[in-house]
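So the structure is just underneath, and the comments pick up after that.
The values are calculated or read from the model by the stated rules, or taken from the named source; none is laboratory data. Given the structure is predicted, the values throughout are model-derived calculations rather than measurements. Here the Cβ positions follow ideal geometry from the backbone for every residue, glycine too, while neighbour counts run over all protein chains shown. Protein only, heavy atoms only, side chains kept; ligands, DNA and RNA dropped before computing areas. Shrake-Rupley method; radii C 1.70, N 1.55, O 1.52, S 1.80 Å.
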Amino acid sequence: MTTIERPPGPAAPDAAPPLPEAAAAAGGRPGRRRPRVRWMVLLGALIVLAVSAAAVAAPLLAPYPPAEQRPRERIQAPSRAHPFGTDRLGRDVYSRALYGGRTSLTASALGVVLTLSLGVSLGLLAGYAGGVVDGTVMRLVDVLLAFPSFILALIVAGLYGPGLLKILLASAAVWWVGYARITRSMVLQAKSEGHVLAARAAGARPWQIALREVLPQVLGPMVVLATLSMGRLLLAISALSFLGLGAQPPTAEWGLMLSEGKAYFLEAPHLMLFPGLMIFVAVLGLNLLGEGLRDVLDPAGAAGRA
């Protein structure tokens, strides 16, 4: 008998090529998300640093005092002498924009510190104490969350009169609820972890456990949330100043500059263009920085949001 030999078929591959996602998870070449996150953090940090540096160095960069009036040079278009033009009183808009950054950014930073401190403190107290304390704080949070935050801040600021310090207190009295709610949920999760149970078994007092074991786990995510919230708070403070409830003349502040220039929008649009552009750039940098930090600290969530 003659044996018929079949032609050899194609050799089977040893293994299927790994998928890009598997390679990235196994520590191979990273996917596209990681470089984008790094660039987001870098770009946001550069923008925030540039705006903050310009505000800090305003006395060195501003060619004129922010409140100096030159009636003969009122409502002038941008020129070599006045890069951003002049306003209705002949004041240099470029100088006022630089000094306005000091006011707006400082107010936003102080507002974030106040809201973060109040929200984290009450959320930590409610989550760790539980019982009646938890129920009281959370019911107050539910009541405040039932109303728009900006409307409540507007009402509080209207009740106590105009002033930058008053709108900061009004903002802190309203915007703390989000921090408190998130802090409480994180505290409830941390209470069941091993190091907290070990500290409790070792006889540590409740306030010591809350401050030494639970609080450090909360601060990191809260700082990222505060970076994201600072942009929204900057918009809210500028809006309240635009409505006449925040900074008062002759203070240089971005929202107030927008309010002073709205009557001359058709005649001199630069009076609103440049302060609005400064607000836009600052908020963009803060949002990019906050989003990037959140994705870096939570890569699993970043993959889900991609």
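Among the residues making up the range 243-268, those that are closer than 16 Å to residue 166 by Cβ and buried (at least 21 other Cβ atoms within 10 Å of the Cβ) are 245, 246, 247, 253, 255, 256.
Got at least one residue in the range 143-156 being open to solvent by less than 70 Å² (accessible area, probe 1.4 Å), modelled with pLDDT of 85 or more and not aromatic (Phe, Trp, Tyr)? Scanning the range 143-156 turns up at least one residue that is open to solvent by less than 70 Å² (accessible area, probe 1.4 Å), modelled with pLDDT of 85 or more and not aromatic (Phe, Trp, Tyr). Of all the listed residues (80, 6, 36), the sole one being at pLDDT 90 or above and open to solvent by 90 Å² or more (accessible area, probe 1.4 Å) is 80. Whether a residue is modelled with pLDDT of 90 or more, part of a helix (DSSP H, G or I) and either among the small types (Gly, Ala, Ser) or surrounded by fewer than 18 Cβ atoms within 10 Å (Cβ to Cβ) (or both) was assessed, and residue 113 passes this test.
Go through 271, 215, 188 for me and flag whichever is over 21 Å from residue 147 (Cβ atoms) and either loosely packed, with under 13 Cβ neighbours inside 10 Å or out of contact with any Gly (no Cβ under 6 Å at 6 or more places or on another chain) (or both). So that I can check it myself, show each step before the final result.
On the way: 271 fails: either loosely packed, with under 13 Cβ neighbours inside 10 Å or out of contact with any Gly (no Cβ under 6 Å at 6 or more places or on another chain) (or both); 188 fails: either loosely packed, with under 13 Cβ neighbours inside 10 Å or out of contact with any Gly (no Cβ under 6 Å at 6 or more places or on another chain) (or both).
On inspection, the qualifying residue turns out to be 215.
Please work out if residue 107 is in contact with a Phe, Trp or Tyr (Cβ under 7 Å, 6 or more places away or on another chain) and surrounded by 16 or more Cβ atoms within 10 Å (Cβ to Cβ). Talk me through it step by step, then tell me what you get.
Working: in contact with a Phe, Trp or Tyr (Cβ under 7 Å, 6 or more places away or on another chain): no; surrounded by 16 or more Cβ atoms within 10 Å (Cβ to Cβ): yes.
Here the answer is no, as residue 107 does not meet what is asked.
Table: residues versus (1) under 16 Å from residue 110 (Cα atoms); (2) at pLDDT 80 or above; (3) among the aliphatic types (A, V, I, L, M).
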| residue | (1), (2), (3) |
| --- | --- |
| 187 | no, yes, yes |
| 195 | no, no, no |
| 200 | no, no, no |
| 207 | no, no, no |
| 218 | no, yes, yes |
| 223 | yes, yes, yes |
| 226 | yes, yes, yes |
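Is it true that residue 239 is open to solvent by less than 10 Å² (accessible area, probe 1.4 Å) and under 15 Å from residue 107 (Cβ atoms)?
On the way: open to solvent by less than 10 Å² (accessible area, probe 1.4 Å): no; under 15 Å from residue 107 (Cβ atoms): yes.
Taking the combined requirement at face value, the residue does not satisfy it.
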